Structure formats: C-alpha cells, structure tokens
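Comments concern the structure below.
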Amino acid sequence: MKGENPVTPVDGIPLVAMDAAIEVADLRKTYRGRRTGEVRAVDGVGFRVEAGEFFGILGPNGAGKTTTLEIVEGLRKPDSGEVRLLGRRPWPHSAELTARIGVQLQASSFFEFLTVTEQIETFARLYGASRERAAEMLEQVGLAEKAGVRCEKLSGGQQQRLSIACALVGDPELVFLDEPTAALDPQARRNLWDLMRAINADGRTVVLTTHYMEEAEALCDRVAIMDSGRILAVDSPAELIRELDAPTRVTVAAGQLDEDRVCELAAGDEFVLDGDEVVFETRDARKLLTALASEGALEGLAVRTASLEDVFLHVTGREWRE
Ligand SMILES: Nc1ncnc2c1ncn2[C@@H]1O[C@H](COP(=O)(O)OP(=O)(O)OP(=O)(O)O)[C@@H](O)[C@H]1O
Ligand SMILES: [Mg+2]
C-alpha cells in the first residue's frame, strides 16, 4: 500500500518526498452487543499521515475517531483493512513500536493511590526515561507544584495534562492525543496548544482528535472530517475552506441605508434585511466595503469569512455543537 507523495517544489527547491508515519487502507470495525445490536464504528476508512505532520481528526460524538485511533495504535484489532504505523503492522502488539509512540487515551485511568510524580515515573520506567525527564514533563504541562498530590485529587483538566505528560515522557516519534483539551479552561487550552506546537516543531508527528474547530484550524497541517465511520474530507484547513467557495458575510447596522441603496450595493448578491441589521453575502468583499465606507455606513460593521465550522456543516450536513 505504498502511495506516491505529491512532490511540490517550493521557491524552486524540490522537496524530498516524506515518509509516511501512518498508512491506513479500508479499515472496518463493527461492534456487536446484545442490546445495542451492530454498530459500524469504522466503515471503510483510509488516510495517510506524513512523518512530522500535525494531523487532526474531527467529527461528532460517535463518529468513530477513538475506534480508528485505537486500531492505528494497536490497541484494538480491526475486522478488516490494513494499517502501517511507522512502517509496521501495529497488531498484534509490538514492543518495539510501543517504545516509539506516545498515546494519550480519551478516558485515562491512573493508579489512584499514586502521587503525580509516582505516576509519571512509572511511565518513565516503562519507556526507559529518566526521573529528570519525568520532572521536566511535569514542569512543561504546569503540574510541577502538584508533584506530591495523589492523582485522584487532581481536577479533570489537571488529570488531562498529566496524561499528556505521561504520553510524552518516553520522547516518542509519534504522539496520539485523543481530545486532549476537552474539559480544559481557556487558559489551560492555550497553554496546551503551545505545548502541542512545540512537540510538533521538534519533528514529532502528532495525531489529534478534537471537538474544537478553531483548535484544529490553529494547529493542524491537515484534518480529516469523519462522520458515521467514514472520512468525508481530508485536506489542510485553508484548502477545505477555499474549496467551500463560500461568500463573505458583511453585516452593518440598518437605518444607515435605505432599502433601494441596499439593493444597489448588493449588486445581485444575496442580502438579508433583518430588523436592526443588514447582512450582505458577497464574493467581492473589498468592493462592498469600499462602497459602504464611502457611504459612511460602517456602524456595526462585522465581516465574517468562512471557517472550518462552515466546512464541517457543509460536508456532514450537521450543525456543529461543542
Ligand atoms: N467498546 C465498544 N463497544 C460497543 N460499541 C462501541 C464501543 N466503543 C465505541 N462504540 C460505538 O462505536 C461508535 C464510534 O465510537 P467512537 O468512540 O469511536 O467515536 P468517537 O468519534 O471517538 O466519539 P467521541 O467524540 O464521543 O469521543 C459509537 O456509536 C459508539 O457507541
Ligand atoms: Mg472519542
């Protein structure tokens, strides 16, 4: 399953084709339960993640993200399909692969009677990492002052950060993070963004699932949008947004323009006169904004271009709810 890489020259410098960190082809997994019946959690998924890439998987609850990750990580056996993780089959379990990857599970469970330090040092020993490295990781995720606290006494967000520190303590080449910023406060989330960027800037491949569109837009080189066990779109956030070819929405306060003038300014584009505001949907925002400025009609101005959220809505037909 060796796929050819598109090799694009940048500034005249030919890029060397990257190695794949992950190759997945036609993956399938159905859960069978007496009460739940059959659930096709993963239904023909294929994708490729390049070494050094920051790859995101987006999708609503139950889309199949965690199941896909668990199969790629070698924690779950697929019904069918092919997976190569760093060039090897992750199933059955391979100790050599485990040493090269870091996994932060969606539902982390710690040894409850251990302190934060004891917990991360347990992971460090498993990976052959030093105690200094363990302490450094606690520092990086802002848990140094909780070192002596028992894990069960940590808040949800602090447990989340500890599980990321444990995933990174072995200095892995490839890191899987399953909703690492869920339940974090905005400040802690931003701190983790910096940490994730730093991990990736070090040359590590990062695979992230998230429910936060702006997070995916800010961090990921490419994202896969998943729903009902299938991947519906894969590309860079910028390219997905560009392909959507959505108009720019320009809002101004009503009352500055009479209806005839609004019609003229819209020049055939869509507009909505909605009580105290006018919303234009234009493909030539520059022209419209210049016209509005020369009318002196800029009160209440808001300009909104398409986002990854609009792409999600378009490809899944669903509203995004965090
Ligand atoms: N161990 C299991 N046994 C039976 N069904 C399962 C199991 N794990 C997941 N499922 C079902 O498989 C589907 C996909 O679940 P999965 O956890 O992969 O989704 P997800 O995209 O990670 O969702 P979330 O955003 O909520 O984490 C869901 O319908 C879920 O109920
Ligand atoms: Mg999940």
Pairs returned, first residue in the range 176-192 that is on the phi > 0 side of the Ramachandran plot, second residue that is in a helix (DSSP H, G or I) and away from ligand 2 (no atom under 12 Å from the Cβ), beta-carbon separation under 6 angstrom, 6 or more apart or interchain, are Ala183/Gly156; Ala183/Gly157
Open item on the list: Any residue at all in the range 98-108 that's of a type in the set (Gly, Ala, Ser), in the same structural domain as Leu27 (by TED's automatic domain parsing) and away from ligand 2 (no atom under 16 Å from the Cβ)?
Closed with: yes
query: Does Glu118 satisfy the condition of being open to solvent by 10 Å² or more (accessible area, probe 1.4 Å), within 21 Å of Ala198 (Cβ to Cβ) and charged (D, E, K, R)?
result: no
Flagged in the range 286-308 as at pLDDT 90 or above and in a helix (DSSP H, G or I), in numbering order, are Arg286, Lys287, Leu288, Leu289, Thr290, Ala291, Leu292, Ala293, Ser294, Leu308
If we take the range 38-128, then helices (runs of 4 or more DSSP H) inside it with 2 or more residues that are within 16 Å of ligand 1 (Cβ to nearest atom) and either touching a residue at least 12 places away in the same chain (Cβ under 8 Å) or among the aromatic types (Phe, Trp, Tyr) (or both) are 65-73
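Taking the range 64-97 as the search range and keeping residues that are within 16 Å of ligand 2 (Cβ to nearest atom) and charged (D, E, K, R), which one is surrounded by the fewest Cβ atoms within 10 Å (Cβ to Cβ)?
Arg76
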When every residue in the range 51-63 that is over 15 Å from Leu208 (Cβ atoms) and open to solvent by less than 70 Å² (accessible area, probe 1.4 Å) is compared, the one modelled with the highest pLDDT is Ala51
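Matching residues to (1) touching a Lys or Arg at 6+ places or on another chain (Cβ under 9 Å); (2) of a type outside the set (Val, Ile, Thr); (3) modelled with pLDDT of 90 or more:
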| position | (1), (2), (3) |
| --- | --- |
| Arg35 | no, yes, no |
| Arg48 | no, yes, yes |
| Gly81 | yes, yes, yes |
| Leu86 | yes, yes, yes |
| Arg100 | no, yes, yes |
| Thr117 | yes, no, yes |
| Ala129 | no, yes, yes |
Item to complete: Tell me, yes or no, whether the range 127-146 has at least one residue that is in contact with a strand residue (DSSP E or B) (Cβ under 8 Å, 6 or more places away or on another chain) and open to solvent by 80 Å² or more (accessible area, probe 1.4 Å).
Response: no
Leu15 passes all but one of the listed conditions (1) modelled with pLDDT under 95; (2) crowded, with 23+ Cβ neighbours inside 10 Å; the exception is number (2)
Checked the range 135-153 for anything assigned to a helix (DSSP H, G or I) and either charged (D, E, K, R) or more than 26 Å from the chain's Cα centre (by Cα) (or both); matches are Ala135, Glu136, Glu139, Ala144, Glu145, Lys146, Cys151, Glu152, Lys153
Per the filter on the range 147-157, residues open to solvent by 50 Å² or more (accessible area, probe 1.4 Å) and touching a residue at least 40 places away in the same chain (Cβ under 8 Å) are Glu152
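This table checks each residue for (1) in contact (Cβ under 8 Å) with a residue 40 or more places away in the chain; (2) acidic (Asp, Glu); (3) open to solvent by 50 Å² or more (accessible area, probe 1.4 Å).
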| residue | (1), (2), (3) |
| --- | --- |
| Leu240 | yes, no, no |
| Arg261 | no, no, yes |
| Ala266 | no, no, no |
| Val279 | no, no, no |
| Arg286 | no, no, yes |
| Ala297 | yes, no, no |
| Arg304 | yes, no, yes |
| Thr316 | yes, no, no |
Note on Thr205: of the conditions (1) open to solvent by less than 30 Å² (accessible area, probe 1.4 Å); (2) at pLDDT below 95, unmet is (2)
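The values are calculated or read from the model by the stated rules, or taken from the named source; none is laboratory data. No experiment lies behind these values; they were computed from the predicted model shown. Positions of Cβ are generated from backbone atoms using ideal geometry, with glycine treated the same way; all protein chains shown enter the neighbour counts. Just the protein is used for accessible areas: all its heavy atoms, side chains included, with ligands, DNA and RNA removed. Shrake-Rupley method; radii C 1.70, N 1.55, O 1.52, S 1.80 Å.
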